[in-house]
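Written out below as structure tokens is the structure these notes cover.
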């Protein structure tokens, strides 16, 4: 894990893009995301036991759970720069070590102050995960494969959260929440061995300045790159804010909505809150495959990715009637279809960034994208709860979610352009 300045090697990258070995790299990216989200979700799984063991109030537990998001969100900008400056291999490895140590040390914590500090440290370490994954896809996979690979590691996100529920239940039933953190954290460190071995030959310490063999920026002049990049970055930032706002409404409020508003029993809630996520997992993979197929058929990549996002966010607007219909089962199925709409958009939100940005800026722009998304993630849980409390209903909060998605559609439609489209309009 040499922290020195890293150089991207065009010859080895081009070789890997044509080699079946690149799918081993995809497996590493997917497995890292599984670990990332398993670590992130573990405290939520263990929360009832932590509350009882440490004598915490629900308010204190809420502060503890939210501590991760603050550091994670505001580390996105420097994390993207770190990935571009030091390379995918070192940035991801050091981030992985930081978050794994924070996770393991959580098993030793006996007070809320230390737990908050460790959650903040967990967020700092995990901040590199998405920018590094996006840069890895840009460096070592063919353009027509971006959707499939991105869909794969995004599926790992959902799988990690699902797996830790089962693993956590086993440890909490038979051992303790401390043993859960210590064991899962220690085993997770094994991922570093194949990661370091596989990427050692792809990035070498040295100057990061482009060589004469480097892939040139995707526009004809520096000013053209700057102009289209700034416009695209704004569109990516605003569009992903809308996407993640809706996603975090689901992630934080779907179970509560079904119980409080729709009067499902806890058992029914467990069933009907899992169905939308399982459906979304399948749609994410299908969306990545379909979008890559269209790119391979010769359709313009930026247009394909942007259209898939806009279709997905449009379907996501079904969250509005879901909050208005009287039938609780109709509400469940509308929410399921709406979440599948987010699944259509999901892999393309990341591959679009790779398609419109020069390779050397992908890490930074991905960090900006994730920062915008996580601002939505900070706002959505609080604002949804506030509106529901004030109006005694979730209907207005879900309608606001739909309105924000419309804003996201507008951002992608009006601001995102490929360098070629930009040159043609200038």
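Tabulated data
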| read-out | value |
| --- | --- |
| Calculated over region 59-125: convex hull of Cα atoms, volume per residue (Å³) | 62 Å³ |
| For q = 0.11, 0.19 Å⁻¹, Debye-computed log10 I/I(0) when each Cα of region 11-196 counts as one equal scatterer | -0.49, -1.26 |
| Likely footprinting exposure, 98, 124, fewest C-beta neighbours within 10 Å first | 98, 124 |
| Neighbour-count ranking [beta-carbon atoms within 10 angstrom, fewest first] of 237, 108, 68 | 108, 237, 68 |
| For region 95-146 and region 397-417, distance of Cα centres in Å | 29 Å |
| Translational diffusion coefficient (Stokes-Einstein; Kirkwood radius from C-alpha pairs) of region 222-425 at 4 °C, 1.567 mPa s, in µm²/s | 74 µm²/s |
| Percentage relative contact order, region 262-373, counting C-alpha pairs under 8 Å, at least six apart | 33 percent |
| Distance from region 176-190 to region 337-360 (C-alpha centre basis), Å | 32 Å |
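We did not get these values from a lab; they are worked out from the coordinates using the rules stated. Being a predicted model, the structure only gives us computed values, none of them experimental. Counting neighbours? That spans all protein chains shown, and the Cβs are built from the backbone with ideal geometry, glycine included.
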